[in-house]
Amino acid sequence: QQQVKQSPQSLIVQKGGISIINCAYENTAFDYFPWYQQFPGKGPALLIAIRPDVSEKKEGRFTISFNKSAKQFSLHIMDSQPGDSATYFCAASINDYKLSFGAGTTVTVRA
Amino acid sequence: GAVVSQHPSRVICKSGTSVKIECRSLDFQATTMFWYRQFPKQSLMLMATSNEGSKATYEQGVEKDKFLINHASLTLSTLTVTSAHPEDSSFYICSARGARTLGGTQYFGPGTRLLVL
């Protein structure tokens, strides 16, 4: 039973466009929400993370929006580039311990 | 900083043999290490959690006698797949977590591709 539900499963975006990936959770004890980027045959790399005391965090072209009351958070990739083509996983944990991962979203950026 | 390495990057073995995978935190002390398994086009599934000097805690459904985990130091954890079978073929990934006072972020290794023939 997946504790973090992620959508869509895949998306295609044109170069320069915006990619949006959504995640939802049920466990209100979660207090850390990271996003990971994974390329084929590689381990996941931390992209950006947020804690529930803020509603938005931006790092370069990547932004996390967090809605505590709705128990949802999303990743926005602005000005998408072909190099952003990868699988993105949202995750959640309690006290920075075990991570519960979403199912993943494969993003394809068309040049 | 915060680099985690795994060795080997890929391994092919015969059915019935044992395979050891090493996970090292290169520039920080890992109070906790996690082992995951990932099948093609699927998410990461947590197998076990190990704290330095303690016995590993396995997730439900993971055979502890088959997947032996040792966390002998603050920079090294090993996963041994004993009597490997073709169904154990997968991508095994470790992560390492430093002290929470340092942020508590999990950093992942590059993964080990295991193929059992």
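Odds and ends about this structure:
- Within the range A:68-98, considering residues that are within 14 Å of chain B (Cβ to nearest Cβ) and either part of a loop (DSSP other than H, G, I, E, B) or touching a helix residue (DSSP H, G or I) at 6+ places or on another chain (Cβ under 7 Å) (or both), the one surrounded by the fewest Cβ atoms within 10 Å (Cβ to Cβ): A:ASN95
- For the range B:69-110, taking the residues that are within 14 Å of chain A (Cβ to nearest Cβ) and in a loop (DSSP other than H, G, I, E, B), the one that is nearest to A:GLY41 (Cα to Cα) is identified as B:PRO110.
- Residues that are more than 14 Å from chain B (Cβ to nearest Cβ) and closer than 15 Å to A:SER85 by Cα, drawn from the range A:9-61: A:LEU11, A:ILE12, A:VAL13, A:GLN14, A:LYS15, A:GLY16, A:GLY17, A:ILE18, A:SER19, A:ILE20, A:ARG61
- Applying the criterion of at least 1 residues that are within 13 Å of chain A (Cβ to nearest Cβ) and surrounded by 16 or more Cβ atoms within 10 Å (Cβ to Cβ) to the strands (runs of 3 or more DSSP E) found wholly in the range B:1-68 leaves B:4-7, B:19-25, B:32-38, B:45-51.
- Of the residues making up the range B:1-57, those that are on the phi > 0 side of the Ramachandran plot and in contact (Cβ under 8 Å) with a residue 60 or more places away in the chain are B:ALA2, B:GLY16.
- In this entry, A:ILE64 passes the filter for residues that are buried (at least 16 other Cβ atoms within 10 Å of the Cβ), more than 14 Å from chain B (Cβ to nearest Cβ), under 21 Å from B:GLN106 (Cα atoms) and aliphatic (A, V, I, L, M).
- Here A:ALA70 meets each of (1) modelled with pLDDT of 95 or more; (2) aliphatic (A, V, I, L, M); (3) touching a Ser or Thr at 6+ places or on another chain (Cβ under 9 Å) with one exception, condition (3).
- Selected residue (criterion: farthest from the chain's Cα centre (by Cα)) from residues of the range A:25-46 that are surrounded by 17 or more Cβ atoms within 10 Å (Cβ to Cβ) and closer than 28 Å to A:SER69 by Cβ: A:PHE30
- Whether a residue is modelled with pLDDT under 95 and closer than 27 Å to A:ALA86 by Cα was assessed, and B:PRO40 passes this test.
The values are calculated or read from the model by the stated rules, or taken from the named source; none is laboratory data. The structure displayed is predicted, hence computed values, not measured ones. FYI the Cβ positions are ideal-geometry reconstructions off the backbone, even for glycines, and counts take in every protein chain you see.
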